[in-house]
Amino acid sequence: MQRYEPLPALNLPDRQWPSRRLKKAPTWCAVDLRDGNQALVEPMSVEEKLSMFRLLVQLGFREIEIGFPSASQTEFDTARALIERDLIPENVTVQVLTQARGQLIHRTFEALEGARNAIFHLYTNISPMFRQVVYQTDEAGCIDLAVRQIAMIRELAAHRSDGGKGVRFEYSPECFTEAEPEFAMRVLEAVIEEYGASAEDKIIINLPSTVQKTLPNEYADRIEQVHRFLRGRENVILSVHPHNDRGTGIAEAELAMLAGAERIEGTLFGNGERTGNVDIVTLALNLESHGIASGLDFSQVDRVRETYERCTRMHVYERAPYAGDLVFTAFSGSHQDAIRKGLEYQRNHPEDVWRVPYLPMDPQDVGRNYEPIIRINSQSGKGGAAFVMQTRFGYNLPRAMHPEFGQLVKREADLLGTELPPERILHLFLREYQGVESPYCLEDVRIAEGGTAVYFDGAIRVGGTSRAIHGEGNGPIDAFFSAMRGEHIDGFTFVSYHEHAIGAGSDAKACAYIQLKYQGQDVFGVGIHASVSVASIHGVLCAINRALNKYDGRSRQEAPQAISENPAT
Ligand code: KIV
Ligand code: ZN
């Protein structure tokens, strides 16, 4: 026996949505305090709901479903607290949901007393399964239920102190996607007619995929059918309310916009029944990443997350689009390399559109830093370690050094089998390139200039013995090499020198990167000192020490014979 089957598809051969492009943002309605809240293990308290409400207002939501006031005392009290404490800004409309039952509708109006702008949201279920299994009614009975309640709502609204002026109306046919398309149209038209919708008092028709059972293109077809063929469409604000059972809530919402939806109901980070409602953070930032202003402010997405996680006790998944901990992070070497180049390109072309590989959006646009974009484990490549050194600690390693340092970092990560935190990368770097003081350790450095010559005078310790060394050259490095020649150090060729400042103000130091060639191999050393000349000399000596240790087989304790014959003065 076959247990499952797809819903019948709508025949809409001249569909237009596939060739449309998104041009503007919809009206957003946040349903976190109702659909999101009703799905929580522990529903929010009144104060938590108020915190979330404040957040939603700050983010720019102008329509916020605050609850289901007839469902519980907390829901009722939240509405009262918002109204009585005057917490609803003038440009914000609060929305409340009710089922189609007289008593519940009365209670909902009580909860709304004194609200300046409100949307009264009624839902009835119209799917064949509900008609048969839950309501035990036919199509006519189903339409009748919706229509009768609207008449009551109209009347109660008229009895408000504002004569109903501050109240708009929304109708949702629950399980819309499961209902026969032709029947759904009849229900909607009956509701619109009963409400008496007009250009001045439009009705919101909200079409939910209560349980997502269709493909996004099928949902879009259903929306386009309503958009194009609904009688009274001109007096309707067409809203959608996707859920996410098939994991395609975002796709549904985006295709629905192409198909004519003007308004979207969803929640932050997709909280909601089962697999959730559509995630408005993603939807809004998807629009922004196409250059379309969303009207919502997610420039500090971590702060949004913080309030959301505190109030809902839910967790934002590490890979949640735009907001997850890992979504602006690359571990893989080739990605890291491309990102580093892209960021460099972007720095040099700030006027250009965003062109950084593997990053669909500038992390700074959602309040994230560049620093943790590249994190280092054994998958990482040469560019990654250099990127961390640059962005975290201000060391601009010359490109020629990247492969060797990358290998070093990779080996360490492989050995540990974990991610390497930035501090460990810095430690590795300094230990390997800067702190090598054996076999030769520079104890004293003096540099003087005279005419076109530079003179080096210093003391060097080797094998436990110190001695003075002297040299002359056309620059400090040249003078030092000449001093070291007296130590029988030869076979080194100078290849390159890079230098930059580390730190700022009186604490600033020079960092010099020296590249030498020894026995056909490139060898690097780094010197850090307040004086540029001294930094470069330290860098040269580090490179020499590393080369001798590595290629000459001299251990740190072993002094070369020639040198021990030369006692210190
Ligand atoms: O998912 C749904 O159908 C709903 C309605 C009440 C709009 O939440
Ligand atoms: Zn819902």
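Just so you know, in region 237-251 the residues that are within 12 Å of ligand 1 (Cβ to nearest atom) and in contact with a helix residue (DSSP H, G or I) (Cβ under 7 Å, 6 or more places away or on another chain) include one that is most open to solvent (accessible area, probe 1.4 Å), and it is 244. Residues that are over 23 Å from residue 60 (Cβ atoms) and assigned to a strand (DSSP E or B) do occur in region 237-253.
Residues in region 423-434 that are open to solvent by less than 40 Å² (accessible area, probe 1.4 Å) and in contact (Cβ under 8 Å) with a residue 40 or more places away in the chain: 425, 429, 433.
Looking at 97, 40, 122, which one is of a type in the set (A, V, I, L, M) and more than 24 Å from residue 189 (Cα to Cα)? Please lay out each step first, then the result.
Working: 97 fails: more than 24 Å from residue 189 (Cα to Cα); 122 fails: more than 24 Å from residue 189 (Cα to Cα).
Of the residues listed, the single one that is of a type in the set (A, V, I, L, M) and more than 24 Å from residue 189 (Cα to Cα) is 40.
Among the residues of region 64-74, those identified as open to solvent by 20 Å² or more (accessible area, probe 1.4 Å) and under 19 Å from residue 167 (Cβ atoms) are 68, 70.
Out of 361, 314, which single residue is open to solvent by 70 Å² or more (accessible area, probe 1.4 Å) and part of a loop (DSSP other than H, G, I, E, B)?
Working: 361 fails: open to solvent by 70 Å² or more (accessible area, probe 1.4 Å).
Exactly one residue qualifies, and that residue is 314.
Restricting to region 187-217, and then to whatever is hydrophobic (A, V, I, L, M, F, W, C), more than 12 Å from residue 146 (Cα to Cα) and open to solvent by less than 30 Å² (accessible area, probe 1.4 Å), can you tell me which residue is nearest to ligand 1 (Cβ to nearest atom)?
207
Of the listed requirements (1) within 13 Å of residue 55 (Cα to Cα); (2) out of contact with any Gly (no Cβ under 6 Å at 6 or more places or on another chain), residue 300 misses just one: (2).
In region 516-533, which residue that is open to solvent by less than 20 Å² (accessible area, probe 1.4 Å) and either more than 20 Å from residue 484 (Cα to Cα) or of a type outside the set (Phe, Trp, Tyr) (or both) is nearest to the chain's Cα centre (by Cα)? I'd like the intermediate steps shown before the answer.
So in region 516-533, the residues open to solvent by less than 20 Å² (accessible area, probe 1.4 Å) come out as 516, 518, 523-527.
From the residues that got through so far, the ones that are either more than 20 Å from residue 484 (Cα to Cα) or of a type outside the set (Phe, Trp, Tyr) (or both) too are 516, 523, 525-527.
On the way: 516: 43, 523: 40, 525: 38, 526: 36, 527: 38 Å.
For region 516-533, the residue satisfying everything is 526.
Total residues in region 122-171 satisfying the condition of being part of a loop (DSSP other than H, G, I, E, B) and open to solvent by less than 60 Å² (accessible area, probe 1.4 Å): the figure is 8. When the residues of region 471-513 are filtered to those that are touching a Phe, Trp or Tyr at 6+ places or on another chain (Cβ under 6 Å) and within 20 Å of residue 456 (Cα to Cα), the one that is surrounded by the fewest Cβ atoms within 10 Å (Cβ to Cβ) is 472.
When each of 24, 49 is tested for being within 30 Å of residue 259 (Cα to Cα), under 29 Å from the mean Cα position of the chain (by Cα) and among the charged types (D, E, K, R), the lone residue that passes is 24. Against the conditions (1) at pLDDT below 95; (2) in contact with a strand residue (DSSP E or B) (Cβ under 9 Å, 6 or more places away or on another chain), residue 326 satisfies every one except (2). Restricting the first member to region 168-183 and to residues that are over 16 Å from residue 203 (Cα atoms), and the second to residues that are more than 16 Å from ligand 2 (Cβ to nearest atom) and of a type in the set (S, T, N, Q), the beta-carbon pairs closer than 7 Å and six or more apart or on different chains are 181/225.
The lone criterion from (1) crowded, with 18+ Cβ neighbours inside 10 Å; (2) of a type outside the set (Ser, Thr, Tyr); (3) outside any loop (DSSP other than H, G, I, E, B) left unmet by residue 368 is number (3).
A quick yes/no check of all residues on (1) over 16 Å from the mean Cα position of the chain (by Cα); (2) under 24 Å from residue 363 (Cβ atoms):
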{"residue": "260", "(1), (2)": "yes, no"}
{"residue": "265", "(1), (2)": "yes, no"}
{"residue": "282", "(1), (2)": "no, yes"}
{"residue": "286", "(1), (2)": "no, yes"}
{"residue": "293", "(1), (2)": "yes, yes"}
{"residue": "305", "(1), (2)": "no, yes"}
{"residue": "309", "(1), (2)": "no, yes"}
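Note down all Cβ pairs under 7 Å where the first residue falls in region 347-368 and is under 15 Å from residue 336 (Cα atoms), the second is open to solvent by 70 Å² or more (accessible area, probe 1.4 Å) and outside any loop (DSSP other than H, G, I, E, B), and they're at least six residues apart or on different chains. Sorted first by the residue in region 347-368, then by its partner, the pairs are 355/345. Given the structure, is residue 391 among the hydroxyl-bearing types (Ser, Thr, Tyr) and in a helix (DSSP H, G or I)? Yes.
Being open to solvent by 40 Å² or more (accessible area, probe 1.4 Å) and in a helix (DSSP H, G or I) narrows it down to one of 224, 234, so name that one.
Values: 224 fails: open to solvent by 40 Å² or more (accessible area, probe 1.4 Å).
That would be 234, the only listed residue that is open to solvent by 40 Å² or more (accessible area, probe 1.4 Å) and in a helix (DSSP H, G or I).
Residues that are away from ligand 2 (no atom under 16 Å from the Cβ) and either polar (S, T, N, Q) or out of contact with any Lys or Arg (no Cβ under 7 Å at 6 or more places or on another chain) (or both) within region 248-259 comprise 251, 254, 255, 257, 259, listed in sequence order.
Results for (1) open to solvent by less than 50 Å² (accessible area, probe 1.4 Å); (2) in contact (Cβ under 8 Å) with a residue 40 or more places away in the chain; (3) within 16 Å of ligand 2 (Cβ to nearest atom), shown as yes or no for each residue.
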residue	(1), (2), (3)
262	no, yes, no
267	yes, yes, yes
285	yes, yes, no
297	no, yes, no
303	no, yes, no
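If you scan region 5-51, which residues turn out to be more than 16 Å from ligand 1 (Cβ to nearest atom), farther than 18 Å from residue 282 by Cα and among the aliphatic types (A, V, I, L, M)? Of everything in region 5-51, those that are more than 16 Å from ligand 1 (Cβ to nearest atom), farther than 18 Å from residue 282 by Cα and among the aliphatic types (A, V, I, L, M) turn out to be 9, 10, 12, 41, 44, 46, 50.
The values are calculated or read from the model by the stated rules, or taken from the named source; none is laboratory data. This structure is a prediction, so every number in the text was calculated from the model and none was measured. Neighbour counts run over all protein chains shown; Cβ positions are idealised from the backbone, glycine included. Surface areas here come from the heavy atoms of the whole protein model, side chains and all, with no ligands, DNA or RNA. Shrake-Rupley method; radii C 1.70, N 1.55, O 1.52, S 1.80 Å.
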